[in-house]
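All of the numbers you see were taken from the coordinates with simple rules; none came from a lab. Bear in mind the structure is a predicted one, so any value in this text is a computation, not a measurement. With ideal geometry, Cβ positions are generated from the backbone for all residues, glycine too; neighbour counts draw on all protein chains shown.
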Amino acid sequence: MAEAGGSGLALTSPGVTLVLLTLNEIEGLGHAFTKLPLHAVDEVLAVDGGSTDGTLEFFLSHGVRVLRQDKRGRGEAFRLAVREARHDRLIFFSPDGNEDPDDIPRLAAGLAAGYDMVIASRFMPGGRSEDDDKWLFTNRRWGNVTFTWLVNRLWSGFPPITDTINGYRAITRAAFQRLAPDAEGYAIEFQMSIRALGLGLKVLEIPTHEGNRIGKGVSKLNALPVGVQFLRLMLRERLRRRR
């Protein structure tokens, strides 16, 4: 792990670290960064998977501490952020246009109220998915809803989680360490939701409106391989639970 723009000392406190997850998001950053409610957080930390489009230079010019991943992938980015954040409450945000910066104070407030994890849900009442206005069989919404339904049936928690997959979420360091997620890529959020239900963690959801992606920021998620990965993960988690 290489670092730019900071000392690298993980001095923990009950404050809030906003984690920006990036891989070539310079266009999204140009729109999102000025909208971030920085008054609601105590640190801004970027975790970058190898950007070459000016993203790293943007962070440097704005004084943002950057952690460069030695190993690519969203799962590794989450684990690296939890290890290196200077505060014990973390909010994960992708500046690609999908996630609403106005939700950040509400995510922080959920952790401050004593919840272990707070998820911005696209599928609870008041929420909106980017795919809501797309043709039935050409969007990922139904995959998300199906996997969420399966998880709530197999790991029955109360209340059920309405959006097990969305990566826009906040979590305490202690809760993350208790979950000990080891999944790679986009499966890490799904695994966190599964294990949170299985362990009975206090999970809060807030409705969010998912926006459209900005500029050239296209989804790095390939639906079919990720779906297979999720199915394998569910099987592994069920076997793990029985041990």
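What to note about this one:
- Residue among 104, 214, 165 with the largest mean-square fluctuation in a Gaussian network model of the chain, springs linking Cα atoms under 10 Å: 214
- 0 to 90° range, to nearest 10: angle between helix 74-84 axis and the chain longest Cα axis: 60
- Here the range 7-121 is assigned +1 on the Cβ of each Lys and Arg and -1 on the Cβ of each Asp and Glu. Its dipole about the Cα centre then comes out at about 360 debye.
- Simple rule: put +1 on each Lys or Arg Cβ and -1 on each Asp or Glu Cβ in the range 53-102, find the dipole, and look at 61, 85, 97; the Cα lying farthest toward the positive end is 85.
- For the range 12-102, the extents of the C-alpha atoms along the principal axes are 34, 29, 24 Å, listed from largest to smallest.
- Where only DSSP H runs of four or more residues are counted, the chain gives -11000 deg cm²/dmol as its mean residue ellipticity at 222 nm, each run worth -39500 (n - 2.57).
- Sorting the Cα pairs of the chain by distance into bins of 10 Å, from 0 upward, gives 7, 33, 39, 18, 2, 0 percent per bin.
- Taking one quarter of the surface of the convex hull spanned by the alpha-carbon atoms of the range 71-176 gives a direction-averaged projected area of 8.2 nm².
- Estimated FRET transfer efficiency when R0 is 30 angstrom, pair residue 180-residue 146 (beta carbons, to 0.05): 0.70
- Net dipole in debye of the chain [+1 Lys, Arg Cβ; -1 Asp, Glu Cβ; about Cα centre; nearest 20]: 1220
- Within the listed set 129, 61, 193, the Gaussian network model of the chain (springs between alpha-carbon atoms below 10 Å) gives the highest mean-square fluctuation for 61.
- For the chain: relative contact order, % (alpha-carbon pairs under 8 angstrom, 6 or more apart): 24
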